[in-house]
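Notes to accompany the following structure.
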Ligand SMILES: [Zn+2]
């Protein structure tokens, strides 16, 4: 049964504990800790949970082992929130932590939806940390497209689990904003967004030059 395995090792939980897939410390530094969160579902409607109830089974030893990764990650996220520069080692830890979270969310979705596709996961958190080329893109913006991100990540997790082809990059057209003029096909904030998943697709990059304050920012 899908709800009887440890999210870390995939075995029947030994000395069963509850793993917060989204760690309590993250919830607390990003808003009121008792707030409700809406999670997308493979089923019809999305589901609303208190973060404190968003827990899944885990062995005691697995939970303790990966608790170390959590405690290493918290100060790194705090540094990022303070706009501090991360070291190479901290970035490695951050990437491991993101692996833990993303695989945890994928498994949680299977468990929450009562496994509607009869999907038996072929991997669990422990087997997926640090095993692939990884890239994360972080930007500060007032526009949050969390559902778009969840859709893309879920498709990839599904492909990964079923040994299907993984995509190197994803490109999308986004039509946003008001029409520029009556009957226009152009909107104020239309744009094309490109997400590179395979960092080897990036052959080079440049450092944007410093702004010259004597001129306006375009
Ligand atoms: Zn375990």
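Would you mind checking the tilt of helix 88-112 against the longest principal axis of the Cα atoms of the chain, expressed as 0 to 90 degrees and rounded to 10?
For helix 88-112, the angle is close to 60 degrees.
Rank-order 124-131, 149-156, 103-110 by packing density, defined as the average count of other C-beta atoms within 10 Å over each peptide's residues, highest first.
Details: 124-131: 16.0, 149-156: 14.4, 103-110: 21.8.
With the highest mean Cβ count within 10 Å placed first, the list reads 103-110, 124-131, 149-156.
Just to be sure I understand the curve: with the Debye formula and one point per C-alpha of the chain, what is log10 I(q)/I(0) at q = 0.07, 0.11, 0.14, 0.16 Å⁻¹?
One equal scatterer on each Cα of the chain leads to -0.28, -0.67, -1.05, -1.32.
Using alpha carbons only, how many degrees (0 to 90, rounded to 10) separate the axis of helix 60-81 from the longest principal axis of the chain?
20
Would you mind checking the tilt of helix 146-161 against the longest principal axis of the Cα atoms of the chain, expressed as 0 to 90 degrees and rounded to 10?
Value to nearest ten degrees: 50.
For segment 42-99 and segment 128-204, what is the separation of their Cα centres, given in Å?
Taking the Cα centre of each part, segment 42-99 and segment 128-204 sit 21 Å apart.
So what's the back-of-envelope 222 nm ellipticity for the chain, counting only DSSP H runs of four-plus at -39500 (n - 2.57) apiece and dividing by all residues, rounded to 500? Before the final figure, lay out each step's value.
Values: 4 runs with 69 residues, N = 218.
The per-residue figure over the chain is -10500 deg cm²/dmol.
Rule-based calculations on the coordinates, nothing more; no lab input. If you're wondering where the values come from, they're calculated on a predicted model, not measured in any experiment. All Cβ positions, glycine included, derive from the backbone under ideal geometry; neighbour counts span all protein chains shown.
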